[in-house]
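Written below as structure tokens is the structure these notes are about.
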Amino acid sequence: MRAIPDTLDPGIVAAIDRRLARVCEEHGVTIPLAVESGSRAWGFPSPDSDYDARFLFVRPVDDYLRLTPLRDVVETPLDAVFDLNGWDVRKALGLLVRGNATVTEWLRSPIVYGGDPAFVGGMLELADRIVDRERVLDHYLHVGGRHIADSGGKLKRFFYALRPAAALRWLRVHPGHAVAPMDLPTLTAENGSPDDVAQAIAELIERKAVTRELGGGEPPRLLTRFVEHELAIAEERQTAPRSDLAAGARQADEFFRELVLPRISGR
């Protein structure tokens, strides 16, 4: 399972592959999914965007039976080009149960460095069963509200509010779904945005493509109003009862056991 667009630097992609292999060797883990998660995967990179590689990892079963748990994250040195780190699948499942959309976004990233289709399919099927729409809406509302309040004249920060707002609209026009697309162009194409909003988003993406990562500049007022409108609708919505976290956790536990137990020698 691999999806690498031509826009990515082949040398950097090869370096990411080597770093992922080194993580497996040094930490004794397997990586059933490694993706890009950041402006490149969100559909609005800048000329100097770094590479935000993210991965899920699984430890040997003995590591999950320790009295003192091992860290549930693996981090690698950060520099101007590479930002590569990952989560233990157990951590990811816990966040999935609580409606943290970051996990489902990784599962739907359009840029995949490597992955097990059965694992990804199983995680997405689990997400369809247990993810609470209301908690996902809360997630995007929180992220969008935080960034629109602190955009500070930076296009990058405005995009971090624009994408959650587009996701909120997508979820509103797809009431039977809780897992939205990851990238802004797909969200815009599928969320029924007015033509002038869709055009303004496309033009802003083109503008960011030739603007330094932390470049300044005020976004069009049309898009500011769009973000504020979608956040207000989500804030004022008639919320449905939250799902039973315990029931979702039981299903996530079952998925985790089925993933880990076959790793016991002889099974």
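The values are calculated or read from the model by the stated rules, or taken from the named source; none is laboratory data. The structure displayed is predicted, hence computed values, not measured ones. Neighbour counts are summed over all protein chains in view; Cβ atoms, including those assigned to glycine, are modelled from backbone coordinates with ideal geometry. Note: areas computed on protein heavy atoms with side chains; ligands, DNA, RNA excluded. Shrake-Rupley method; radii C 1.70, N 1.55, O 1.52, S 1.80 Å.
Counting only residues at least eight positions apart within a chain, or on another chain, the aspartates and glutamates with an alpha carbon under 19 Å from that of residue 154 are 48, 50, 203, 206, 213, 218, 228. Given the alternatives (1) 13.9; (2) 12.2; (3) 15.1, mean projected area of the Cα convex hull in nm² as computed for this entry is given by (3).
Rolled with a 1.4 Å probe across the full set of protein chains, the surface gives residue 7 an accessible area near 120 Å².
What does the charge dipole of the chain about its Cα centre add up to, to the nearest 20 debye, if the Cβ of each Lys and Arg holds +1 and the Cβ of each Asp and Glu holds -1? Spell out each step's value before the answer.
Numbers: 34 positive and 40 negative charges, 89 e Å.
Value, rounded to 20: 420 debye.
When the helices of the chain are scored as -39500 (n - 2.57) per DSSP H run of n ≥ 4 and the total is divided over every residue, the value at 222 nm lands at -16500 deg cm²/dmol.
Among the trypsin sites (Lys or Arg not before Pro) within the stretch 44-88, which fall in a DSSP loop and have no more than 16 other Cβ atoms within 10 Å of their own Cβ? Don't skip to the end; give the middle numbers.
Details: sites: 54, 66, 71; in loops: 66, 71.
Counting only loop positions with at most 16 other Cβ atoms within 10 Å, the trypsin sites (Lys or Arg not before Pro) in the stretch 44-88 are 66, 71.
Based on C-alpha pairs under 8 angstrom that are at least 6 apart in sequence, the stretch 1-121 has a relative contact order of 37 percent. Axis angle, to the nearest 10 degrees, between helix 10-27 and the longest C-alpha principal axis of the chain: 40 degrees.
Averaging the sequence gap over all C-alpha pairs within less than 8 Å and six or more residues apart, then dividing by the number of residues, gives the stretch 127-239 a relative contact order of 33 percent.
Among 20, 199, 94, flag the residue with its Cα farthest along the positive direction of the charge dipole of the chain, charges on Cβ as +1 for Lys/Arg and -1 for Asp/Glu. With unit charges placed on the Cβ atoms, the residue in question is 94.
Excluding residue 175 itself, what net charge comes from residues whose Cβ is under 13 Å from its Cβ, given Lys and Arg +1 and Asp and Glu -1?
On the way: positive: 133, 169, 172, 237; negative: 134.
Here the count lands on +3.
Stretched out straight at 0.36 nm per residue, the stretch from residue 250 to residue 202 would grow longer than its current Cα-Cα span by 13.1 nm.
Within the chain, antiparallel bridges make up roughly 65 percent of the DSSP beta bridges whose residues both belong there.
Any idea what the dipole of the stretch 61-217 comes to, in debye rounded to 20, about its Cα centre with Lys/Arg Cβ at +1 and Asp/Glu Cβ at -1?
Numbers: 19 positive and 22 negative charges, 87 e Å.
For this selection, approximately 420 debye.
The figure for residue 243 is an accessible area of roughly 40 square angstrom, using a 1.4 Å probe on the protein chains alone. Note on residue 18 and residue 221: their simple-model spin labels are 5.2 nm apart, each label 7 Å out from Cα toward Cβ.
Its relative contact order, with pairs defined as Cα atoms under 8 Å and 6+ residues apart, puts the chain at 22 percent.
Under a Gaussian network description of the chain, with springs only between Cα atoms under 10 Å, the residue in 246, 167, 198 that fluctuates furthest is 246.
Rounded to the nearest Hz, the phi-derived 3J(HN,Hα) couplings of the stretch 111-128 under the Karplus curve 6.51 cos²θ - 1.76 cosθ + 1.60 (θ = phi - 60°) are 10, 10, 7, x, x, 9, x, 5, 5, 4, x, x, 5, 5, 5, 4, 4, 4, where x marks glycine and proline.
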